[in-house]
Amino acid sequence: MRRLSIAGLLGAALLFACLAGCLGAGPDPAAPGGTPLPTFDPAAAKPEATFGPNLSLEVAYSGMWSGAYGSPEAMHSDEGFGNSSFRLPPNVNRFQATFQKQETTNETLTLRLVRNGTVIKESSGSDPLAIVNLSVTPSAG
């Protein structure tokens, strides 16, 4: 019968301890003091505010204009002459528009965001080749 020496047993124990420490899975996730990962609770999620149906952008100007309008995710560009109106989707949650006069007159170019006939916000400019910006976020509630 072979006898194991104390040095051999200690060496084996040390090797096992080293391997267990190097190959281990790290700290126990169930151990106290750890920070649990957040979880998504769909019942607590609040829907993002939108403008709702019957929303449009009105361009009021008798001359030539060009511009871009929509939400940051879906911009549209257009150009035209005279007053115009653009219907917008009901799920718009941020709106922005930038239009420019294509003439050097002092006539006013006005942009209006309108819902059900009510002006939500408007912006205008009358300088020659004026650039008019309109940016609106609906209020929650």
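Work out how much length D127 to N54 would gain on full extension: take 0.36 nm times their residue separation and subtract the Cα-Cα distance, in nm to one decimal.
So the extension gain works out to 23.2 nm.
Can you give the local net charge around P128? Use residues other than it whose beta-carbon is closer than 15 angstrom to its beta-carbon, Lys and Arg +1, Asp and Glu -1.
-2
Give me the number: length gained by fully extending N116 to R94, i.e. 0.36 nm times residue separation minus the C-alpha to C-alpha distance, one decimal in nm.
6.2 nm
Beta carbons within 10 angstrom, averaged per residue: use that to sort the peptides 113-120, 53-60, highest first.
53-60, 113-120
What is the local net charge at K101, summed over the other residues whose Cβ is closer than 10 Å to its Cβ (Lys, Arg +1; Asp, Glu -1)?
Taking every Cβ under 10 Å from that of K101, the sum is -3.
Which net charge results for the neighbourhood of S66, defined as the other residues with beta-carbon distances under 15 angstrom from its beta-carbon, given Lys and Arg at +1 and Asp and Glu at -1?
Around S66, the surrounding residues sum to -2.
Every number in this text was worked out from the coordinates using simple rules, so none of it is lab data. Bear in mind the structure is a predicted one, so any value in this text is a computation, not a measurement. Quick reminder, even Gly has a Cβ in these numbers, built from the backbone with ideal geometry, and neighbours come from all protein chains shown.
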